[in-house]
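One structure below.
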Amino acid sequence: MKEKKITRLQEGLNQLLSGHHEFLCDTNISRALPGTIIRLIDNNKSRIAEKLVEQIIIGLHSEDPKLRKNSAGCLTETANLLAGADNWGLLKKLLPPLREIVRMSNAADTPKLRGRIQATAANILNLAASRAAQEDERSQAAAQKPAAPPAAKDPLAAREEEIFQLAARGEKDEAKKQL
């Protein structure tokens with residue numbers, strides 16, 4: 001049974017990458033998609049993750065209310081996971097669709113988008129605004145400080161940092177080999 005679900009999910013992902021958005025109507029696929037996107041990013045397959053996100057955004061503009069709702073839920077959960085992983089690179093690309101989700105949620109013809117989806121989208125937008133303000137403050141403070149000369153990096157510390165980065169990317173076997 002589990003193999004059948006995995007096969008169905010893989011088929012749905014492949015079809016979605018090909019532009020067949022109707023697979024987002026399958027709740028099992030739309031619920032699994034945010035976690036799948038994060039795993040793809042963690043496994044250095046960011047381009048595939050970005051293509052999936054692009055297809056979900058297209059689904060957000062569908063005439064089909066279920067497809068629109070599942071796309072909105074999928075995007076907000078993906079954004080929530082990206083924020084939790086501190087992945088602001090891809091998350092910045094989701095801000096315009098998240099604003100659109102909040103606007104859609106307030107429209108009279110989309111009452112089903114209210115609630116958790118709208119709250120999550122609004123929360124992510126608030127986090128992004130707060131982060132942008134903090135970055136502005138840091139850049140202004142950095143512009144006012146005289147630049148210090150770069151410190152020479154200890155070769156052992158640099159090697160240790162490389163090994164930690166391998167482990168952080170999930171390449172634990174490779175990190176162990178290099179220890």
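For this structure, a couple of remarks:
- In a simple Cβ point-charge model (Lys, Arg +1; Asp, Glu -1; nothing else charged), the chain has a dipole of about 380 debye relative to its Cα centre.
- At full extension, SER46 and GLU11 could sit 10.7 nm farther apart than now, given 0.36 nm per residue minus the alpha carbon distance.
- Highest-fluctuation residue, ASP154, ASP64, ASP26 considered, GNM on the chain with Cα pairs under 10 Å: ASP154
- Using the Cα coordinates of the stretch 2-148, the gyration tensor eigenvalues translate into equivalent-ellipsoid semi-axes of 30, 20, 11 Å, sorted from longest to shortest.
- Result for the chain in a Gaussian network model with C-alpha springs under 10 Å: among ILE163, ILE37, ILE117, the largest mean-square fluctuation is at ILE163.
- Here's the picture: charge each Lys and Arg Cβ at +1 and each Asp and Glu Cβ at -1 in the chain, and of LEU98, GLN140, GLY12 the one pushed furthest to the positive end of that dipole is GLY12.
- Distance-filtered residues of the stretch 30-47 - backbone nitrogen under 17 Å, label point 7 angstrom along GLU54 Cα→Cβ: 37, 41, 45-47
- Helical runs (DSSP H, four residues minimum) scored at -39500 (n - 2.57) apiece and divided by the length of the chain put the mean residue ellipticity at 222 nm at -25500 deg cm²/dmol.
- Relative contact order of the stretch 2-148: 18 percent, from C-alpha pairs under 8 Å at least 6 residues apart in sequence.
- The label point for ALA143 and the one for ALA158, both projected 7 Å from the Cα toward the Cβ, are 3.2 nm apart.
No lab work stands behind these numbers, since they all come straight from the coordinates. This is a predicted model, so every value here is computed, not measured. Here the Cβ is made from the backbone with ideal geometry for all residues, glycine too, and neighbour counts use every protein chain on show.
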